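Shown below is the structure under consideration.
Read-outs: derived from the displayed coordinates by stated rules, not from any lab. Keep in mind that this is a model prediction, so the values were computed, not measured. Positions of Cβ are generated from backbone atoms using ideal geometry, with glycine treated the same way; all protein chains shown enter the neighbour counts.
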Amino acid sequence: MLTGSELLATVEAMGRVSKSELVRHCGYVTTKADGRDRLHYTAFYAALLEAKGVNFYVDRQGSGKVGRPLTYTTKVHFHGAVMVGKAYMKMLGLKAGDLVAIRLGPKQIYLEPVEPQV
């Protein structure tokens, strides 16, 4: 996938071509399991904006990744499970398999990391 000045130069050199051809030529394409191509328009346009000096993403907690901002809300699933996202787990330093204590307050639920018993 082209980025930076190389992306800008390629877009300029290609002139007036279709969007799909431009995205494909710049490398923003992957092959699906059935053999068809999947064009990544959003990633292409984000890279193009960044190459032009526009960066509207905010890096949270130095993760190096961008995405939706954290909302600190979630839904209760039909069977009563509550999903806690990966970003929140990273903020707490938790990994898969770590124990979390559930503490109930008045109309509140607290999740607290539990130190493993050795």
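So if each residue of separation counts as 0.36 nm, and I subtract the Cα-Cα distance between ARG16 and TYR110, what length gain in nm does that give?
Roughly 28.2 nm would be gained on extension.
Radius of gyration and Dmax for the chain's Cα atoms, expressed in Å?
Considering the chain through its Cα atoms, Rg and Dmax are 21.4, 66 Å.
May I pose another question? Expressed as an acute angle from 0 to 90° and rounded to the nearest 10, what is the orientation of the C-alpha long axis of helix 4-14 relative to the principal long axis of the chain?
Helix 4-14 and the main axis of the chain meet at about 40 degrees.
Oh, and also: How would region 79-118 be classified by its alpha-carbon gyration tensor: rounded, prolate or oblate, with rounded meaning a/c under 1.5 and the a/b versus b/c comparison settling the rest?
On the way: a/c = 1.80, a/b = 1.27, b/c = 1.41.
It comes out oblate by the Cα gyration axes.
Which part of region 19-35 falls in the paramagnetic zone of SER5, meaning amide N under 14 Å from the point 7 Å along Cα-to-beta-carbon?
None, by backbone N distance to the label point.
Let me ask something additional. Let's test the formula: R0 of 25 Å, r as the Cβ-Cβ distance of LYS52 and ALA96. What FRET efficiency results, to the nearest 0.05? Could you put the intermediate results ahead of the total?
Values: r = 39 Å, r/R0 = 1.56.
Calculated transfer efficiency: 0.05.
Could you tell me the relative contact order of the chain? Use alpha-carbon pairs under 8 Å, at least six residues apart, and round to a whole percent. Display every interim value, and only then the final one.
Details: 91 pairs, mean separation 17.3, N = 118.
Here the relative contact order equals 15 percent.
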